[in-house]
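K.L.:
Got a structure for you, questions after.
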């Protein structure tokens, strides 16, 4: 009786494992077939994929941050708002947009918005050393600079053109250097 139960358990485990593999395969098969159809002139982007997901599953969780779930729909709306802001300051396809922000939802949304416009996101490190930020700005051929409030002074110090601040939405009375423009207002 012990050997029969063991064999039965093994067969049951194997069956459930195969069922799990088949289920995962079916779930990902549509993605694989979509990849197979890509050609060298296919238009793909993270922002486009997010837009599609926002239509298919708007309430599903796109990402978690600081204990809060952000849905595809909410993220897509935020990105659309940032796109409008970027267009209003003159960002166009092919422009190099420096992003000097801490890792948080606003930085992800800004990267996606730049991507959606067809501009180039130049991710900058918030290094407080001598001239490193200025070197990165020059090497990245940055034409527009978006920073979060915490990096406003660093951005202003090293970027000689207009600095735009994004993020920290909902915070009233934030203190920013006088020469930076708050895109949240």
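K.L.:
First check a/c for region 33-110, with a ≥ b ≥ c the square roots of the eigenvalues of its C-alpha gyration tensor; if it is under 1.5, answer rounded, and if not, answer prolate when a/b is larger than b/c or oblate otherwise.
P.N.:
The shape class here is oblate.
K.L.:
Given the peptides 53-65, 86-98, arrange them by the average over their residues of other C-beta atoms within 10 Å, most packed first.
P.N.:
Order by mean packing, descending: 86-98, 53-65.
K.L.:
Run the numbers on region 46-182 and let me know its relative contact order in percent, using alpha-carbon pairs under 8 Å that are six or more apart.
P.N.:
Relative contact order comes out at 20 percent.
K.L.:
What percentages, rounded to whole numbers, describe P(r) for region 63-185 computed over all alpha carbon pairs with 5 Å bin width beginning at zero?
P.N.:
2, 11, 23, 24, 21, 12, 6, 1, 0
K.L.:
Using alpha carbon coordinates only, what is the Rg to Rh ratio of region 124-185, with Rh defined as the Kirkwood radius?
P.N.:
That ratio equals 0.96.
Here, each number is a calculation from the coordinates, and none is a lab measurement. On a predicted model such as this, the values are computed, not experimentally measured, just so you know. When we count neighbours, we look across all protein chains shown, and the Cβ atoms used for this are built from the backbone with ideal geometry, even at glycine.
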